[in-house]
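For reference, the structure is listed below as structure tokens.
The values are calculated or read from the model by the stated rules, or taken from the named source; none is laboratory data. It should be emphasised that the depicted structure is a prediction, and the values quoted were computed from it without experimental measurement. Please note: Cβ atoms are built from the backbone with ideal geometry, for glycine as well, and neighbour counts cover all protein chains shown. Note: areas computed on protein heavy atoms with side chains; ligands, DNA, RNA excluded. Shrake-Rupley method; radii C 1.70, N 1.55, O 1.52, S 1.80 Å.
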Amino acid sequence: MNYIPFKGLLPNQIEVRPTDTKLRGVCILLLYINSRRAASILDDTVGAYNWRMEYKDVGGKTYGRLSIRDTATGEWVYKEDTGSESNIESDKGLSSDILKRCLARWGCDFLYHAPRIIVNCPDSYYTKNGGLERMTMTFRVVHVAYEEKQMTELKIEDRFGNIVF
């Protein structure tokens, strides 16, 4: 099987999540795709009937196998990986993470080449609730460009429309 021509991700395909939000005044933004987007990318790139995802337990650890059909030979070729559970729905988060890691093994790894994103967080990004203060700001990618698989341009804005990166 030759190279799979994954297209660069569009701004509306990339999710942004703030992390390390307890450090008042700054946070780190993580870029990711969700599992529905990963499946859509596979459908669009190789065809809905030319890929499949399987999971198995090996010594108490879950592994996933993303198989893609070589349309020239009809042979199924696979790549495997494991992942991490999420803090909210551990099984769902684990299977989603495995799918996305397997997709990256096939070459759709654009976000692995993203820069480290540290942004300033003014007071307006935080809300007090019952004496606890937490960040409630949301962010979105408004522009991204690639050269090969390297992200060469990236613009992120907060929900107020301010460019923060």
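Pairs from the table (LYS61/LYS100; LYS100/LYS128; LYS56/LYS79; LYS61/LYS149; LYS7/LYS100) lying more than 25 angstrom apart at Cα are LYS100/LYS128; LYS61/LYS149. According to the Kirkwood expression over distinct Cα-Cα pairs, how big is the hydrodynamic radius of the range 1-85, in Å? The answer is 15.5 Å. Extension gain for LEU132 to LEU10 (0.36 nm times residue separation, less C-alpha to C-alpha distance): 40.3 nm. Its DSSP H runs of at least 4 residues, each contributing -39,500 (n - 2.57), put the calculated 222 nm mean residue ellipticity of the chain at -5500 deg cm²/dmol, to the nearest 500. Its residues counted as N, the range 1-47 yields a C-alpha radius of gyration over 2.2 N^0.38 Å of 1.58.
What you get for the range 47-165, charging only the Cβ of Lys and Arg (+1) and of Asp and Glu (-1), is a dipole of about 100 debye around the Cα centre. When nucleic acids and ligands are ignored and a 1.4 Å probe is applied, ARG37 ends up with an accessible area of around 70 Å².
Accessible area ranking (1.4 Å probe, heavy atoms, ligands and nucleic acids excluded), largest first, for LYS22, LYS128, LYS100, LYS79: LYS22, LYS128, LYS79, LYS100. Taking all protein chains as shown and a probe of 1.4 angstrom, LEU132 keeps an accessible surface of around 130 Å². Geometric descriptor of the range 16-165, per residue, is 142 Å³ (volume of the convex hull of the Cα atoms). The accessible area of ASP20, taken with all protein chains in place and a 1.4 Å probe, comes to roughly 80 Å². For the chain, what does the relative contact order come out to in percent, with C-alpha contacts under 8 Å and a separation of six or more? Computed value for the chain: 23 percent relative contact order.
Taking every alpha-carbon pair in the range 111-165 and binning the separations at 5 Å intervals from zero gives 4, 16, 24, 19, 15, 10, 6, 4, 2, 0 percent. Rolling a 1.4 angstrom probe over the protein heavy atoms with all chains in place gives the range 87-146 an accessible area of 60 Å² per residue. Placing pseudo-labels 7 Å out from each Cα toward the beta carbon at ARG65 and ASN50 gives an inter-label distance of 2.1 nm. Here is the list for the range 106-165: GluC sites (Glu not before Pro) lying in DSSP coil, each with at most 13 other C-beta atoms within 10 angstrom of its C-beta, are GLU148.
Only protein atoms count toward the accessible area here, which uses a 1.4 Å probe; on the range 2-68, the carbon and sulfur part of that area reaches 50 percent. For TYR126, list long-range residues whose amide hydrogen, built 1.01 Å from N in the peptide plane, is under 5 Å from its own amide hydrogen. For TYR126, whose amide H was placed from the backbone, the distant partners under 5 Å are THR136. The gain in end-to-end length when the VAL142 to ALA39 segment is fully stretched comes to 34.8 nm, 0.36 nm per residue minus the alpha carbon separation.
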